[in-house]
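Peer 1: Below you will find the structure I want to go over with you.
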Amino acid sequence: MHCPLTDETRHMIGEAAIEQMKKGVVIINTSRGALIDAEALLQGIKARKVGAACLISMPNVIVTSHQAFLTEEALSNIAETTVNNIVSYYENDGICDNELCYHCGNIEKCKKERKRRCF
């Protein structure tokens, strides 16, 4: 899974979603933990419906750290993008060129109609 944590995505993996998964599914969440209902996940792991996930205390779980960003090139790109976003925000009346709208999915519409985010 890789998506932002919003009111709409909180616990998007819950009991109902896990019930629909194939037995032995491996859940890889590269985003926020709250995308998954921890209690539902725990029950899925105990029932062996979920074959692996990110819970340190379970025997069928592997936890790895995020290291992809820790290179000179990646850190330079992150810094450059951050500075460009700040400049864009101030030059465009509070709208960033790289802004994403997680509420309506269409930042161009938000920029044109409201000049602010759609929430």
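All of the numbers you see were taken from the coordinates with simple rules; none came from a lab. These numbers were taken from a predicted model, which means no experiment stands behind them. So basically every Cβ, Gly included, is an ideal-geometry build from the backbone, and we count neighbours across all protein chains shown.
Peer 1: Sticking with the crude label model, points 7 Å out along Cα→Cβ, report the distance from Leu70 to Asn92 in nm, one decimal please.
Peer 2: About 3.3 nm separates the two model spin labels.
Peer 1: Given points 7 Å out from each Cα along the Cα-Cβ axis, report the Leu55 to Met21 separation in nanometres with one decimal.
Peer 2: So the two model labels end up 1.1 nm from each other.
Peer 1: List, in order, the whole-Hz ³J(HN,Hα) value for each residue of segment 33-48 obtained from phi through the Karplus relation with A = 6.51, B = -1.76, C = 1.60 and θ = phi - 60°; use x for Gly and Pro.
Peer 2: Result, ordered by residue: x, 6, 5, 10, 6, 4, 5, 5, 5, 4, 5, x, 5, 4, 7, 6 Hz.
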